[in-house]
Protein chains: 2
Amino acid sequence: MMDNFVFYSPTLFSFGDGEEKNTGKLVRRFGGTKVMLVYGGGSVKRNGAYDAVTASLLSEGISYTELSGVQANPRSGKVYEGIELARREGVDFLLAIGGGSVIDTAKAIAFGVPYQGDFWDFFCGKATFETTLPVGTVLTIAAAGSEGSDSCVITLEEGNLKWGCPKSDVIRPKFSVLDPRLTCSLPAYQTASGSVDMMAHICERYFTNTSDVELTDRLCQALLKTVIDAAPRAIADPGDYAARADLMWSGMLAHNNSCGVGRAQDWASHQIEHELSAFYDCAHGAGLAVVMPAWMEFVMEHDIMRFAKFAVEVFGCEMDFAHPERTAKAGIASLRAFFRSLGMPTTFAEIGAKEEDIPAMVAHRGEKPNGFPFGGFVKIGPSEMEAILRLSMKA
Amino acid sequence: MMDNFVFYSPTLFSFGDGEEKNTGKLVRRFGGTKVMLVYGGGSVKRNGAYDAVTASLLSEGISYTELSGVQANPRSGKVYEGIELARREGVDFLLAIGGGSVIDTAKAIAFGVPYQGDFWDFFCGKATFETTLPVGTVLTIAAAGSEGSDSCVITLEEGNLKWGCPKSDVIRPKFSVLDPRLTCSLPAYQTASGSVDMMAHICERYFTNTSDVELTDRLCQALLKTVIDAAPRAIADPGDYAARADLMWSGMLAHNNSCGVGRAQDWASHQIEHELSAFYDCAHGAGLAVVMPAWMEFVMEHDIMRFAKFAVEVFGCEMDFAHPERTAKAGIASLRAFFRSLGMPTTFAEIGAKEEDIPAMVAHRGEKPNGFPFGGFVKIGPSEMEAILRLSMKA
């Protein structure tokens, strides 16, 4: 039976070519008067996002300060720096220009500023969300879905802990500007990595033990098929607006939980990947491309028919009614082949991971409060995590 | 190319068995202190919704006044009555318990109360939405999607004008409680009629001239397949919670525009049906079951391949690659057969309509400001409207 749920996604999405020109109006609509821009390196200056956004703020008479240099797999140091800067400057609105790392950093600063203690308290359960500065985003990478999501992931430098904060509607952005044109300059590797990330966000919801979830199953399948169709087109022709638009809206829908309501979710692949990127600083999507098919092989026996459904409905595999496990396996093989076709790694070694680090990764996970077991579809303890990591070596 | 769009659906949805017990807390969360309950006849008292909601309000110390007697195809008289009552009692929150007619009435009262002039001014373009009293809903019929939508439809008694107000995010409900259990007592005819209504909401978006809308096409198909699967189960076994849950969430998604963003929409069938229900007071879904297949036959030639896609992807028809028009026709035939299988009328006579009234219906439509042409897929003028009505006589 479908679980009861609350779905509350009060983010305003302004989608399409040139929409970043409206950023200033949106900041004003949601009460911002003194903004902190948060961004990474120079790409937002090269692709025109920075110029369009700052011009739009100025034309509305909104002043701003800047926090730049956010890295992939964003780190706590930048969050502390941002909290201090925001307090000093009296910032009342956080505006992220970038992808998931930048948005997650802005979210963490936003709930860190009004909180008296250490912002990390929210990640380890010592504090719960009650208030936050408002956050807006101008998205430049279709991937993480943070532009519409109720969560963020930060790496605490002390201990190298890559953790997600508890989910809360309080931290959803007030608005997000999604202009597919801004993603046309992304390199193929980032486009591919982002596509894997959004597919993972859907798969983590798709593989469930909840029954009677046909509607959300179909929504998940619709999103997966769209990404499978659009990602190769965007890589073959980076300026393909239609493909970029499909990826951008899919990435948001993949993680605002519209396809995950009313069902138990899994998230084991994400948990395992967080150790990979904590150890090797690999792109999140690349780590997922390695872990997810291995996880699937490990857990497939738990529900052969769900994996067969995935194979048939997502990849168009022919159903082998006499041997559904063959269909299930064909689906996993199709997924791995698809990742390879995008130029993604699918083995441990390709992301620089080493077999001898496996016990340390498992132990590092174990240091997290309630670190084991994890996974809503199949419970993963230390030995299962190790087995999945070993499976991912030889795929 | 996909159109630019804004998607802003800030309604909180509380979904599942027993969720109406939280209504009082939700009213408080969204600032209500003095509520006006809006409902229809006795069904909300028989199915337990009224008792649960009022108990929940009282336990939060929230007082309420009542406006009952809202009819299907809701009329302006009840809106005027509600506006007067709300002002007299100092109501600051409208709480609708019922289906689309009740919710639409509550929405119209909510924007009518703070407005100095006639609430109908909003319908005929003399006023634009700036403010409204907050509205919450406890849904008891899965159909109209008003629980998540940005619009409402009221019939002005003087002139018998059944018009929709302009779409505006301002009038979306603050929260909607969706308990599928409350719909288990619905008669088969209302279940069927509601299912047709939600299918129409999707089809009005599906049939578009906008290109590059694969993602929203797939979302539309996912919703249509879900309704086609769930409606017969809910009719065969009214207490089938899974079927009721699928219908209830589909009805919301069908009309909060999540499957319609970035694409030109049609809405011709709705416009034509509004005349049918204005003339004969038929159930909206029943009128749509008559009009929609006739509209499809009339416009099919405009885009054979889109109708073939509808046939293949929604009804599983086999694609006739040599004769796509045969596939297109098979899809329309499947839709009509499906409506019949639900016990819906599919001809003009079955809803009590008369051939000799056709010119009067067309003329009545013409009295609406900008009444002709309408329809985003194919432009419908008076002669096309008449032709569609004539086609619907013999289906």
Among A:M344, A:M361, which is crowded, with 16+ Cβ neighbours inside 10 Å, in contact (Cβ under 8 Å) with a residue 60 or more places away in the chain and more than 15 Å from A:E275 (Cα to Cα)? A:M344
Which of the following residues is under 19 Å from B:H255 (Cβ atoms) and part of a strand (DSSP E or B): B:T137, B:T105? B:T137
Could you please find all residues in the stretch A:256-286 being more than 24 Å from A:S341 (Cα to Cα) and of a type in the set (D, E)? A:D266, A:E275
Residue within the stretch A:6-26 that is among the aliphatic types (A, V, I, L, M) and away from every other protein chain (no Cβ under 12 Å) present: no
Listed by range, helices (runs of 4 or more DSSP H) wholly within the stretch B:152-271 having at least 2 residues that are within 10 Å of chain A (Cβ to nearest Cβ) are B:214-236, B:241-253
Enumeration of residues in the stretch A:228-281 that are at pLDDT below 95 and among the small types (G, A, S): A:S277, A:A278
Some residue of the stretch B:141-151 being over 30 Å from B:S56 (Cα atoms) and within 14 Å of chain A (Cβ to nearest Cβ): no
Taking the stretch A:28-44 and keeping residues touching a residue at least 60 places away in the same chain (Cβ under 8 Å), more than 14 Å from every other protein chain (Cβ to nearest Cβ) and more than 29 Å from B:V213 (Cα to Cα) leaves A:G31, A:G32, A:T33, A:V35, A:M36, A:L37, A:V38, A:Y39, A:G40
Of all residues making up the stretch A:210-262, the number that are of a type in the set (D, E, K, R) and in contact with a strand residue (DSSP E or B) (Cβ under 6 Å, 6 or more places away or on another chain): 0
For A:L85, work out the one condition from (1) modelled with pLDDT under 95; (2) in contact with a strand residue (DSSP E or B) (Cβ under 8 Å, 6 or more places away or on another chain) it doesn't fulfil. (1)
Could you tell me which numbered condition B:L389 fails, if it satisfies all but one of (1) at pLDDT 95 or above; (2) in a loop (DSSP other than H, G, I, E, B); (3) within 30 Å of B:A188 (Cβ to Cβ)? (2)
Of the conditions (1) buried (at least 24 other Cβ atoms within 10 Å of the Cβ); (2) farther than 22 Å from A:L156 by Cα, A:G100 satisfies every one except a single condition; which number is it? (2)
Please state which one of A:A142, A:A192 is touching a helix residue (DSSP H, G or I) at 6+ places or on another chain (Cβ under 6 Å) and at negative phi. A:A142
Could you check, for the stretch A:45-62, whether at least one of its residues is under 21 Å from B:P10 (Cα atoms), modelled with pLDDT of 95 or more, more than 14 Å from chain B (Cβ to nearest Cβ) and touching a helix residue (DSSP H, G or I) at 6+ places or on another chain (Cβ under 6 Å)? no
Can you go through B:D229, B:D246 and tell me which one is touching an Asp or Glu at 6+ places or on another chain (Cβ under 8 Å) and surrounded by fewer than 21 Cβ atoms within 10 Å (Cβ to Cβ)? B:D229
For the condition hydroxyl-bearing (S, T, Y) and more than 30 Å from B:G16 (Cβ to Cβ), what is the one hit in A:S277, A:S211, A:S258? A:S277
So which residues in the stretch A:141-152 are of a type outside the set (G, A, S) and surrounded by fewer than 24 Cβ atoms within 10 Å (Cβ to Cβ)? A:D150
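Residues are listed down the side, and each one gets a yes or a no for (1) more than 16 Å from the chain's Cα centre (by Cα); (2) assigned by TED's automatic domain parsing to the domain that holds B:A278; (3) at pLDDT 95 or above:
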site: B:L94; (1), (2), (3): yes, no, yes
site: B:T105; (1), (2), (3): no, no, yes
site: B:Y115; (1), (2), (3): yes, no, yes
site: B:C124; (1), (2), (3): yes, no, no
site: B:L139; (1), (2), (3): no, no, yes
Is it the case, given these coordinates, that B:R75 is basic (K, R), over 24 Å from the mean Cα position of the chain (by Cα) and over 18 Å from B:E89 (Cβ atoms)? no
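The values are calculated or read from the model by the stated rules, or taken from the named source; none is laboratory data. Since we're looking at a predicted model, the values are computed, not measured. All Cβ positions, even for glycine, are placed from backbone atoms using ideal geometry, and neighbour counts span all protein chains on display.
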